[in-house]
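Okay, structure first, notes after.
The values are calculated or read from the model by the stated rules, or taken from the named source; none is laboratory data. Since we're looking at a predicted model, the values are computed, not measured. For neighbour counting, all protein chains shown are included, and Cβ atoms are generated from backbone atoms with ideal geometry for every residue, glycine included.
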Amino acid sequence: MASRKEQKEQARAARIAQEQAAAANKQRNQRIQIFGGAIAIAVIAVVVVIVLSVSGGNGSPKGATPGIQKGKSAQKLYSSINTLLKGIPQSGTTLGNPSAKVTMQYFGDLECPICQEFTLSIFPQFVQDQVRTGKVKVIYRSMCTATCDGKMSASAENTVFNRQQVAAAAAGKQNKFWQYTELFYHQQQTEGTGYPTDSWLTGLAKEIPGLNIKTWQTDRTDPVLLDTVNADQSYAGKAQLPGTPSLIMKGPKGETLVDNGNFPSYSDLARAVTSVS
Amino acid sequence: MEGSAQQSAARSRARRDWLVIAIFAVTMIGFLDAAFLTYEHYNGLVGLPCVGASHGVSSCEQVQSSAWSKVDGVSVAVLGLIGYFGLWVSYWIAAKINGEIGRAMGFCIALIGFGFSGYLTFREIFTLHEICEWCVGSAVCMTVLAILTAIRFLRGEPAVS
C-alpha cells in the first residue's frame with residue numbers, strides 16, 4: 001500500500017505525463033496544419049507560374065517574344081545562316097544563279113517539322129555543292145500541310161498560313177527570303193498552334209541585319225505576295241503533291257519529283273540533279 | 001537498458017544529421033546547376049555542353065531558347081536560382097530564427113520547385129521532344145528536396161546549428 005506522499009507523487013507524475021502528451025499532440029496537429037498549408041501555397045504558386053508560362057507559350061506575353069532568340073544567341077544563329085547563304089544570289093523566293101540549268105522547286109510549309117529537318121540537315125550541303133556552284137537554283141513555293149493540320153478552324157489555319165508565308169515572301173522583296181525562312185525553321189515551334197503571330201513574325205524579321213522593317217511591314221500587305229501563295233497552293237493541289245517537303249527537280253532533260261515525295265537524302269537530290277541535267 | 005537507449009539516441013542523431021547533410025548537398029548541386037544555366041542564358045548559350053542534338057543545334061539550346069524557357073519574360077533558369085537561394089534562406093531561418101517555420105518554408109519552396117520543374121520536364125518530353133540534361137538535373141534535385149524536406153518537417157528535427 002503506497003503512502004500518501006507516494007500517491008501524491010504518482011498523481012503529479014501522471015498529470016505531468018498527461019500535460020506532455022497533450023502538448024505533443026497539439027504540436028503534431030499544428031505541424032500537420034502547417035504541412036497542409038505549405039502544400040496549398042505550393043499548389044497555388046505552381047498553378048500561377050504555369051498559367052504565366054502558358055500565356056507566354058501562346059505567343060502573347062508582355063515584352064519578350066517567345067521562342068525568338070535574342071542577344072548573342074540570335075547573333076550566333078544568324079551568323080551560321082549567313083555563312084550558308086553569303087554570296088549566293090537571291091531574288092524573291094529564288095536562291096542561286098538565275099541562269100542555272102537546273103531548278104529545284106521546294107514546296108514547303110514554314111511550320112512543317114519535316115521541312116525543318118530537311119532544311120537544317122540535308123539542304124545546307126545541297127546549297128554548298130549544287131547552288132553555290134551555280135548548277136542549281138532553288139525556288140521556294142508554299143503548300144499548307146502542318147499549319148493546316150486541323151487543330152484550328154480551316155479559316156484560322158488559312159489566316160496563319162498566309163500570314164507566315166507572306167511574311168517570308170515580303171523579306172524576299174529585299175532579297176532576304178532565305179535568311180527569313182532559315183530563321184523560321186531554326187526557331188520553329190509546335191505546329192498548328194498559331195504561334196506565328198504578327199509580333200512573332202516581326203521578332204523574326206528583326207533578327208535579320210539589314211532588313212528594313214518598315215518596308216517589310218508595308219510589303220506584307222502587297223496583294224501580289226498573297227496571290228503567289230494562293231497560286232502555289234493551287235498548283236500543289238492540281239499536281240497532287242504528296243506533302244511537304246515536295247521537291248521538283250527540273251532541267252534540260254526533264255522533270256522529276258525527288259524520291260517520289262519521300263524524305264530525300266543528299267544522294268537522292270544529287271541523283272535527281274544529274275538525271276535532269 | 002540505459003546503454004541501449006543511448007545507442008538508439010545516437011543512431012537517431014546520426015540519421016537526422018545525414019538527412020540535413022543530404023538536403024544541403026542536393027541544394028548545393030541544384031544551386032550550381034541553376035547558376036550555370038543562368039550564366040549561360042545571359043551569355044547566349046554559347047558554352048552549354050549537351051549530349052543530345054538535332055539539326056546541328058543542341059537539345060539544351062533548343063530547350064533554353066524555346067517558348068517555355070521564360071515565364072512572363074523571366075528566364076526559368078533565373079527562377080530556379082531564386083528558388084535555391086530561397087531554400088538556403090529557409091535553412092538559415094530554421095537554424096537561427098524559428099525551426100518550425102524555416103522547415104515549413106523549405107518544404108514549401110521545394111514543393112513549388114518540384115511542381116514547376118515537373119511541368120517543364122513534361123513540356124520538354126511531349127512538346128519540344130528535346131531533353132536538356134541541365135534542366136532535368138535541376139528537376140531531379142527539386143524532386144529529391146521535396147521528399148527530404150517533407151520528411152524533415154514531419155519529423156520535426158531540431159534546427160541545424
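So the values come out like this:
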quantity	calculated
So B:Ile109, is it within 15 Å of B:Arg152 (Cβ to Cβ) and of a type in the set (Val, Ile, Thr)	yes
Exclusive hit being modelled with pLDDT under 90 and more than 14 Å from every other protein chain (Cβ to nearest Cβ), set A:Asn97, A:Asn82	A:Asn82
Looking only at the stretch B:44-71, and only at residues there that are over 20 Å from the mean Cα position of the chain (by Cα) and hydroxyl-bearing (Ser, Thr, Tyr), the one that is modelled with the highest pLDDT	B:Ser59
Count - residues of the stretch A:178-201 that are at pLDDT below 90 and away from chain B (no Cβ under 14 Å)	1
Residue pairs meeting the criteria (Cβ under 7 Å; at least 6 apart or on separate chains; first away from chain A (no Cβ under 13 Å), in the stretch B:120-131; second at pLDDT below 85 and crowded, with 19+ Cβ neighbours inside 10 Å)	B:Ile131/B:Ser59; B:Ile131/B:Glu124
Of the criteria (1) within 11 Å of chain A (Cβ to nearest Cβ); (2) touching a helix residue (DSSP H, G or I) at 6+ places or on another chain (Cβ under 7 Å); (3) free of Cβ contacts under 8 Å to residues at least 60 places away in the same chain, which one B:Ile93 fails	(1)
Single condition A:Glu117 does not satisfy, out of (1) part of a helix (DSSP H, G or I); (2) of a type outside the set (A, V, I, L, M); (3) in contact with a Phe, Trp or Tyr (Cβ under 8 Å, 6 or more places away or on another chain); (4) within 21 Å of A:Leu201 (Cβ to Cβ)	(4)
Residue in the stretch B:90-102 that is at pLDDT below 85 and among the basic types (Lys, Arg) present	no
Pair list, Cβ under 6 Å, 6 or more apart: the stretch B:34-63 residue closer than 23 Å to A:Gln188 by Cβ, other residue exposed (fewer than 13 other Cβ atoms within 10 Å of the Cβ) and at pLDDT below 80	B:Gly44/A:Gly71
Within the stretch B:18-41, considering residues that are of a type in the set (Phe, Trp, Tyr), touching a helix residue (DSSP H, G or I) at 6+ places or on another chain (Cβ under 8 Å) and farther than 12 Å from B:Ile82 by Cα, the one surrounded by the fewest Cβ atoms within 10 Å (Cβ to Cβ)	B:Phe24
Any hit, the stretch B:105-120, residues being β-branched (Val, Ile, Thr) and assigned to a loop (DSSP other than H, G, I, E, B)	no
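Each row is one residue, and each column tells you yes or no for (1) in contact (Cβ under 8 Å) with a residue 40 or more places away in the chain; (2) farther than 17 Å from A:Leu95 by Cα; (3) among the β-branched types (Val, Ile, Thr); (4) in contact with a strand residue (DSSP E or B) (Cβ under 6 Å, 6 or more places away or on another chain).
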| residue | (1), (2), (3), (4) |
| --- | --- |
| A:Asn158 | no, yes, no, no |
| A:Gln174 | yes, no, no, no |
| A:Glu191 | yes, yes, no, no |
| A:Leu241 | yes, yes, no, yes |
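Residue-wise test of (1) in contact with a Gly (Cβ under 7 Å, 6 or more places away or on another chain); (2) within 30 Å of B:Gly113 (Cα to Cα); (3) modelled with pLDDT under 90.
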position: A:Met1; (1), (2), (3): no, no, yes
position: A:Gln20; (1), (2), (3): no, no, yes
position: A:Arg31; (1), (2), (3): yes, yes, yes
position: A:Ile34; (1), (2), (3): no, yes, yes
position: A:Gly37; (1), (2), (3): no, yes, yes
position: A:Ile44; (1), (2), (3): no, yes, no
position: A:Val51; (1), (2), (3): no, yes, yes
position: A:Gln116; (1), (2), (3): no, no, no
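So that you can scan it fast, the table gives a plain yes or no per residue for (1) farther than 20 Å from A:Val224 by Cα; (2) in a loop (DSSP other than H, G, I, E, B):
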site	(1), (2)
A:Glu111	yes, yes
A:Gly134	yes, yes
A:Lys137	yes, no
A:Arg141	no, no
A:Ala156	yes, no
A:Val160	no, no
A:Glu182	yes, no
